[in-house]
Every structure is written in structure tokens, then in C-alpha cells.
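Asks: Here it is, the structure in full.
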Amino acid sequence: RPIVDVHGVDKVYNNGTVALKDVELTVKEGEFVSLLGPSGCGKSTLLRLMAGLGDVTRGEVKWWEQGYDVVGQKGRKLAFVFQNATLMPWARVRKNVRLPLDLNKEKGPETEQRIDQALEMVGLNKFGDAYPRELSGGMQMRVSIARAMVTEPNLLLMDEPFGALDEMTRNKLNDDLLRLWKANGWTVVFVTHSVYEAVYLSNRVVVMAARPGRVIEEVPIEAPYPRG
Ligand code: ADP
Ligand code: ADP
């Protein structure tokens, strides 16, 4: 079933830049979709609209929850991972992961257990008391994935999450992400300008072009690489 549906969307920024033109895209539950294209083709804009950040100029973005069309924030649970880990440097790893739960005013033993599970999932259960600066770039990125997943979102949106990392760390994190996606049944939309990364990770590659930003092709990927 669909999780999010982008229909006939144009996005024109205030300065007149046409960032997206007539975009159609449906993401179904359990899919790993990549948005692939050169700089400026509107990948981040599309991802942000899917997150409900900012308004469309034309068309609509619809979210589904348990078969119902959801309007507005209610029932929609999504998480965003940015290129930089954006951790609070003054707070220990555990506190960083807890942030979204604090914002939702969730506490108690069940909450602590969810933080443990999130840290365990990304292999950092021994690092809860560390400060971000004590961790490698890849480990910091894994903290930000744990922080995104601690609320158990039904859609994970990732904007070039590993773009700032060296190639070996990036390859390792790609494998980690693939493993987590398979094990946990996540639905992921992943922005990248790497053909290799898009093909390696996704079920479906959405190819975009610039000026104006638009979808030019959708390529299903038939597990070309051994997954797992
Ligand atoms: P990508 O993520 O593929 O690099 P973006 O979505 O960031 O593309 O940008 C698409 C186009 O919209 C680019 O031309 C960019 O300069 C422009 N753009 C992005 N954000 C803004 C903004 N806030 N105001 C004006 N133009 C923007
Ligand atoms: P990443 O690829 O996540 O950045 P690295 O392989 O670069 O991780 O690790 C940097 C350092 O941190 C290495 O010395 C590595 O042994 C250590 N390290 C990374 N993850 C863990 C972990 N889960 N447990 C213990 N040490 C770790």
C-alpha cells in the first residue's frame, strides 16, 4: 500500500526558481526508493515536500496511514536524516538519540528500552555515554540513524546521508543500512547523486533532471547484487 503519493507537483520558490515541474511519485510500504540526479535537479526539494516541509506550488502530496488518506500532521510519522549528523555536541550519544522522544514528552522504562534497541541496532550500544566528538564520522552518522528510528517512523527520508564520509566508511554504512532495511521492513527514500549507491541500495531508482527539476525515468532494480 502507498505511504506517500506525490501528484502533479510543481514547486516554484519565491525568487522564481522552478525547482520541480509536474512530479509524480508514489512510495509504497517497504520500498527502498532512491532519488538520483545531478545537483540542482530538485531532489532535496522533493524530499522536503514528502516530509511536509514547505508548500507545493501546484499539485498535492498525500500520506497514508492504515489505508486512510491522512491530511496534515496527524498519523504521519516520518524521520529525516541529513548529510551532516547534526548531533548536539554537548550531549552524550544516549541523550542525542533520546531527543525526539523528549520532544514528544515520552518517558519511562519503555522509552529507555527503545533507546537501547535503537543503539543496539546501529551497533553502538557500548557508546551511549560517549560524546559525539569521541566517535568517528561513520559512528556519528549511525547515531543520527538511531535517533531517526527511535520514534519508529513509517517513512525514513535520507538526504545524501553519507555524502560527507570517506568512501570506505560510506560503503560500510550502505551495507549496514541495507541490512537494517531488510531486517526491519523500513520504507526509505534516499537522495543521492551516486549511480552506484542508488543501484546498490534500492528497489527502484527515480532518475531526475534539472532545469526544470523533474522525474525523467523510474528504473526498477531486480536485486543485481547479492543482498545480505
Ligand atoms: P538538489 O537537491 O537536487 O541539488 P534542490 O532541491 O536543492 O536540488 O534545488 C533545486 C533548485 O531549487 C536549484 O536550482 C536550487 O538552487 C533551487 N533552490 C533550492 N532551495 C531554494 C530556496 N530555498 N530558494 C530558492 N531556490 C532554491
Ligand atoms: P565507522 O565505519 O562507523 O566510522 P570505523 O570502522 O571508522 O567506524 O571505526 C572507527 C573506530 O571506532 C575504529 O577503531 C573501530 O574499531 C571503532 N568502532 C566502530 N564501531 C565500533 C563498535 N560498534 N564497537 C566498538 N568499536 C567500534
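All of the numbers you see were taken from the coordinates with simple rules; none came from a lab. All values derive from a computational prediction rather than experimental measurement. Positions of Cβ are generated from backbone atoms using ideal geometry, with glycine treated the same way; all protein chains shown enter the neighbour counts.
Asks: Could you give log10 I(q)/I(0) at q = 0.11, 0.15, 0.20 Å⁻¹ for the stretch 1-132, computed by the Debye formula over C-alpha point scatterers of equal weight, without solvent?
Replies: At q = 0.11, 0.15, 0.20 Å⁻¹ the computed log10 ratios are -0.55, -0.92, -1.18.
Asks: Neighbouring Cβ atoms within 10 Å as the yardstick, rank 50, 141 fewest first.
Replies: Neighbour counts put them in this order, fewest first: 50, 141.
Asks: Can you give me the Rg/Rh ratio for the stretch 105-228, using Cα atoms for both radii and the Kirkwood formula for Rh?
Replies: The Rg/Rh ratio comes out at 1.00.
Asks: Follow-up question, since we're still on this one. Using the Cα centre as the reference, give the magnitude of the dipole from point charges on the C-beta atoms of the chain (Lys, Arg: +1; Asp, Glu: -1; all else neutral), rounded to the nearest 20 debye.
Replies: Computed charge dipole of the chain: roughly 420 debye.
Asks: Count charges around residue 149 for me, please; just the other residues with Cβ under 15 Å from its Cβ, Lys/Arg as +1, Asp/Glu as -1.
Replies: +3
Asks: For n ≥ 4 DSSP H runs only, could you compute -39500 (n - 2.57) per run for the chain, divide by its residues and tell me the 222 nm figure to the nearest 500?
Replies: Result for the chain, helices only: -9500 deg cm²/dmol.
Asks: Can you sort 93, 81, 61 so the residue with the fewest Cβ neighbours within 10 Å comes first?
Replies: 61, 81, 93
Asks: Under 10 °C and 1.306 mPa s, how fast does the chain diffuse according to Stokes-Einstein, given a Kirkwood radius computed over C-alpha pairs? Answer in µm²/s, whole number.
Replies: 87 µm²/s
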